[in-house]
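Below you'll find the structure, written out as structure tokens, and then a few comments.
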Amino acid sequence: MIWFSILVLIPLIAIVVTASENGWDQYVATLQNPQTWAAIKLTVIQAFMVTLLNIVMGTVIAWVLVRDSFPGKSVLDVIIDVPFALPTIVAGLVLLALYGPNSPIGIHWANTEHAVTLALAFVTLPFVVRTVQPVLEELEADVEEAAASLGARRSTIIRRIVMPSLVPAIAAGAALSFARAISEYGSLVLLSGNLPFRTEVVSVRVLSFIENGNPAAAAALASVMLAIALFVIVVLDILQRRVSRRG
Amino acid sequence: MRWLLRLAAVGYVFFLVAWPLALIVRQTFSNGLGNLLDTFQDPHVVNALQLTVMVAFWAVVINTVFGVTVSILLVRYEFPGKRFLSAMIDVPLSVSPVVVGLALLLVYNGRSGWFGPTLEENGFQVIFDAPGMIMATCFVALPLVIREVVPVLTEIGDDQEQAARSLGAGARQTFWRITLPSIKWALVYGVVLSLARSLGEFGAVKIVSGNVTDRTQTATLLVEAKYQNFEQGTAYATSFLLILVSIACLIVVAVLRPKQGSR
């Protein structure tokens, strides 16, 4: 408990205290800085898009992994986890190899907004897949077959039988990947070029505040990110309780 | 329909993960083994790797001990604020590494931190030195062990422990003989995950370490520095090594998982 407070609680409290030392004016001034505001807008929009992408693709991949079988499926299963284990800076470098200046397929996305989307999609890939997969595994195919034998069409089965039990898992995965996307830093350093107003995300902004010796502004921005993180955790907690109550 | 979904899933993963990874491997070996050998003769690289292993090792050890303790605390005991603690444990997973770095910096830096100056007077420098880096790494990898061990502990219940205690076993004996063997696989799984995370930590370490070549530069920081200095060969080779380690960790985990399920 003491170790936990030394490591986590006190430093996090320090952020909030430093941020609030100068009162609301500091907050407003920091957030109203056009460059910061652009960074926040970019981060939130990109995180949102990537989360939507993950909801669709993650569910598809989880479905393929559980219900389908083809040679190389176990390889796919391992590859899904790669973005989670890979150091984020290496993730950036890896993506740069295919989508950067020396791209073998002629796509040059480095230093554009696409690069941000790409990096975020890469690092958040496992979340929805890994939350949906176990739920889908537990879901018996019997019910679906029963529905089919009673004359339900494919779209009806998916809408009425499969989706309702998957929604909490998808939501949990989406929340995780949104939180991760908001806070991503490492993979963007090399890939996006951190151009102010265009590809600079919030984390990078915090870092440049620190490096310029402006800890108060950094703390103000960091506390906003902290609030988002806490919000996501609370949402997840509620979702988990709801799922376990139903089960 | 089935084919379409399969194609979509495989294609997406291929373009996003598999192909870029393959390209890095190919670039590492673009002129045979020379690239890799050059890299390992670079003293900066060797220093960075040693430092990374040292930091990751201590972070994993601390997290394992702490993780098991907190897991037992969370599952076996009731106390006020338990739900709060459980929620706070998850914070490092969703908070940005940059924020983690900033938080540690505010408390422990030598000039204006809360505790930093006092610690430094006693000859103990945290920020821009190894302890700070270990702390940052601990912070980001904190929940991994706990999240693996807690469900297992909850599932096995405390019947066996109570039986052992009623037969006269001490607290320590109960732990080593009963509790630890039953959470063994979950623990190994958590440790492997936190090892992978610790080796690869970048954002938080970047802030607290000061990124001094040969002294506080870890492997991931080195990759960034080398790439930006246009020494791409070295950057690729070091990344290749990190990729190798993280995939090895994944395979260990993949091998462990079915075992855990069949038990």
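The values are calculated or read from the model by the stated rules, or taken from the named source; none is laboratory data. Because the structure is a prediction, the values reported are computed rather than measured. Note: ideal-geometry Cβ built from the backbone for every residue, glycine included; neighbour counts use all protein chains shown.
Numerical summary
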quantity	calculated
Per-region count, region B:69-88, residues modelled with pLDDT under 80 and within 22 Å of the chain's Cα centre (by Cα)	4
Selected residue (only one of A:Ile182, A:Ile170, A:Ile161 is away from chain B (no Cβ under 12 Å), closer than 21 Å to A:Val82 by Cα and not hydroxyl-bearing (Ser, Thr, Tyr))	A:Ile170
Verdict on B:Val126 being closer than 29 Å to A:Arg180 by Cβ and at pLDDT 80 or above	no
Which numbered condition A:Val143 fails, given (1) without any contact (Cβ under 8 Å) to a residue 60 or more places away in the chain; (2) within 16 Å of the chain's Cα centre (by Cα); (3) more than 9 Å from chain B (Cβ to nearest Cβ)	(2)
Which listed residue, of A:Thr43, A:Thr51, A:Thr18, is at pLDDT below 80 and assigned to a helix (DSSP H, G or I)	A:Thr18
Selected residue (criterion: nearest to B:Thr220 (Cα to Cα)) from residues of region B:7-47 that are loosely packed, with under 15 Cβ neighbours inside 10 Å and of a type in the set (S, T, N, Q)	B:Gln41
Number of positions in region A:66-83 that are over 19 Å from A:Pro168 (Cα atoms), more than 8 Å from chain B (Cβ to nearest Cβ) and among the hydrophobic types (A, V, I, L, M, F, W, C)	1
Selection within region B:142-178 - under 28 Å from B:Val253 (Cα atoms), polar (S, T, N, Q) and surrounded by fewer than 19 Cβ atoms within 10 Å (Cβ to Cβ)	B:Thr154, B:Gln160
Filter result for B:Val55 (modelled with pLDDT under 85 and within 23 Å of the chain's Cα centre (by Cα))	no
Among (1) under 19 Å from the mean Cα position of the chain (by Cα); (2) surrounded by fewer than 17 Cβ atoms within 10 Å (Cβ to Cβ) - the single one A:Pro164 does not satisfy	(1)
Residues that are part of a helix (DSSP H, G or I) and under 13 Å from A:Gln46 (Cβ atoms), drawn from region A:180-200	A:Arg180, A:Ala181, A:Ile182, A:Ser183, A:Ser187, A:Leu188, A:Leu191, A:Ser192
Per-region count, region B:194-211, residues assigned to a loop (DSSP other than H, G, I, E, B) and more than 8 Å from chain A (Cβ to nearest Cβ)	2
Matching entry among A:Ser155, A:Ser177 (being surrounded by fewer than 22 Cβ atoms within 10 Å (Cβ to Cβ), assigned to a helix (DSSP H, G or I) and within 11 Å of chain B (Cβ to nearest Cβ))	A:Ser155
One residue from A:Val123, A:Val66, A:Val90, A:Val132 being surrounded by fewer than 22 Cβ atoms within 10 Å (Cβ to Cβ) and either in contact with a Lys or Arg (Cβ under 8 Å, 6 or more places away or on another chain) or at pLDDT 80 or above (or both)	A:Val66
Residue in region B:54-97 that is farthest from B:Ser182 (Cα to Cα), counting only those that are charged (D, E, K, R) and outside any helix (DSSP H, G or I)	B:Asp90
Positions within region A:29-74 being over 20 Å from A:Ile182 (Cα atoms) and of a type in the set (Val, Ile, Thr), in sequence order	A:Thr59, A:Val60, A:Ile61, A:Val64, A:Val66
Residue that is at pLDDT 80 or above, among the aliphatic types (A, V, I, L, M) and closer than 30 Å to A:Gly100 by Cβ, where the choices are B:Ala225, B:Ala196, B:Ala164	B:Ala196
Residue within region B:30-53 that is within 14 Å of another protein chain (Cβ to nearest Cβ), of a type in the set (A, V, I, L, M, F, W, C) and outside any helix (DSSP H, G or I) present	no
The lone exception for A:Thr131 - which of (1) in a helix (DSSP H, G or I); (2) within 21 Å of B:Thr28 (Cα to Cα) it fails	(2)
